[in-house]
Structures are given as structure tokens and as C-alpha cells.
Ligand SMILES: [Zn+2]
């Protein structure tokens, strides 16, 4: 079998791209790739967000109830998505900090993939446990979100015999053509976000509950995307980096 490039839909193509970005918590996608999201929406791409957990652990303030925190974080994520022009945000509301790669979670992700039929799915890197250079240990929900999304893309969303009850709901198998994996240190594919970095920082500022000093945080993100821009070939002002995997069509 040969891979016909023209046959594949991709974020590189000017049209016909449907993108599903999957994060563990409200704010993950905006931190990781909202500059690219803004760019693709400008190019008339259709973008959807899928947030797997309810974000109920994302505060040190004991006075806020879980219910209130979840409400705040939903609203913040929705506001950021609206600002970017995201078509829809799916919230699955699994408990923050307790995410596991289970058939129940895979079924929910497969269901959404089969509904919206994305050409590209974006997820966290399931293999990233830590980064000694960045003095960083990854959140377990990020790893699980990455792994479960990857499993859902391949093989389960494309396999008719997985969750056969979905066929009764009219949700036919769907082949995702491209995976973009977010890992801030390791990337082989860069999206030039020089025109959308300001929009990204605006989207990040919607997540007020998450940052005590939003100016400091957005400055850090700006620097990070600037460094990524230096790694791009050719170099650009600001970039977001991904590991890009093109998936084969069956047959
Ligand atoms: Zn997170």
C-alpha cells in the first residue's frame, strides 16, 4: 500500500480540516496549542475541544466548593474557546486527578470522534513522565489523557467491532488521518503562530482561577513559544511544536 498524500486531510492543507483537541483539564489545550487553533480557524478549519476532567482539583482555595470550582472552570474554558472561534467544547467531567484509561472513557472519546469525524486529533504525549531540563514532572491526568486519546484514535474509533452499540446510534467507524502530540521539549513539526500569539495570550487570560499572576504566566508562555520559533525551519517569531504522526488509511 502506498500513502497518497493528496488523499490525506491535514492541518497543512488550506481547507477541509476538522480538528479535535483533547486536554485533561480546562486550560490544557489553550496552553498547549491555542495559537495554532486560532491560526487554523482563520484558515477556515473547524475546531472542537474535548476536556476530559472536571478541573475540580485546580485550586488551593479551600473556601470554594468543588461544584463552584467546576462551574468557574467550565465558564473560563468556554469563554476562551468562544474567543478563538472553537465550534464546540465537549466536557466529559471525569474527576480531576483520577483519570484512568478505561473502556468507559475510551467509549466517550470514540463517540465524539465518530460524531465530528476529525482529520486531525491533538493530545498530550502519553510517554512524557518528566523533563529534567525543565525541572518538571508531568501531571498523571495529562499522561492518561494522551494515552486514552491515542488508543481511541487507533484502533478503536476506526474499528467497527469496538463498541458495536455505537453503530446502532449511527456512529460509523472513522479514520483519523493525523495525530499531533504535544510535548514542549520534543517536536518535529512547528506551527508558525506569530500572527496569533496575542490571541493565544488573550485566551489564556480567560482562565483567571488558574493564575495568580497572569502577566507573569503569559510572559512565560510567550518566551516558550519564542524558543519554539527558533527551532522551526525556517525560524519564525513564535511557534508551537508537536510530534506529528500521519496515520494510514486502511486498505
Ligand atoms: Zn492540565
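Assessment of region 229-236 against the conditions (on the phi > 0 side of the Ramachandran plot, surrounded by fewer than 17 Cβ atoms within 10 Å (Cβ to Cβ) and in a loop (DSSP other than H, G, I, E, B)) yields no matching residue. Residue count for region 174-221 satisfying the condition of being in contact with a helix residue (DSSP H, G or I) (Cβ under 8 Å, 6 or more places away or on another chain), surrounded by 15 or more Cβ atoms within 10 Å (Cβ to Cβ) and assigned to a helix (DSSP H, G or I): 14.
For first residues located in region 219-233 and farther than 22 Å from residue 202 by Cβ, partners that are surrounded by 13 or more Cβ atoms within 10 Å (Cβ to Cβ) and lie 6+ apart or on another chain with Cβ distances below 6 Å form the pairs 232/190; 232/239.
Using the structure shown, decide if residue 136 is free of Cβ contacts under 8 Å to residues at least 60 places away in the same chain, closer than 30 Å to residue 223 by Cα and away from the ligand (no atom under 16 Å from the Cβ). It is false that residue 136 is free of Cβ contacts under 8 Å to residues at least 60 places away in the same chain, closer than 30 Å to residue 223 by Cα and away from the ligand (no atom under 16 Å from the Cβ). Only a single criterion out of (1) crowded, with 18+ Cβ neighbours inside 10 Å; (2) more than 15 Å from the ligand (Cβ to nearest atom) is not satisfied by residue 155, namely (1). Which of the residues that make up region 117-152 are closer than 19 Å to residue 37 by Cβ and crowded, with 18+ Cβ neighbours inside 10 Å? Within region 117-152, 118, 119, 120, 121, 122, 123, 124, 125, 142, 145, 146, 149 qualify. Identification of strands (runs of 3 or more DSSP E) wholly contained in region 1-104 with 2 or more residues that are over 13 Å from the mean Cα position of the chain (by Cα), within 16 Å of the ligand (Cβ to nearest atom) and more than 30 Å from residue 165 (Cβ to Cβ) yields no element.
Values quoted throughout were computed directly from the atomic coordinates according to the rules given, and no laboratory measurement underlies them. Only a predicted model underlies this, so the values are computations on that prediction, with no experimental measurement involved. Counting neighbours? That spans all protein chains shown, and the Cβs are built from the backbone with ideal geometry, glycine included.
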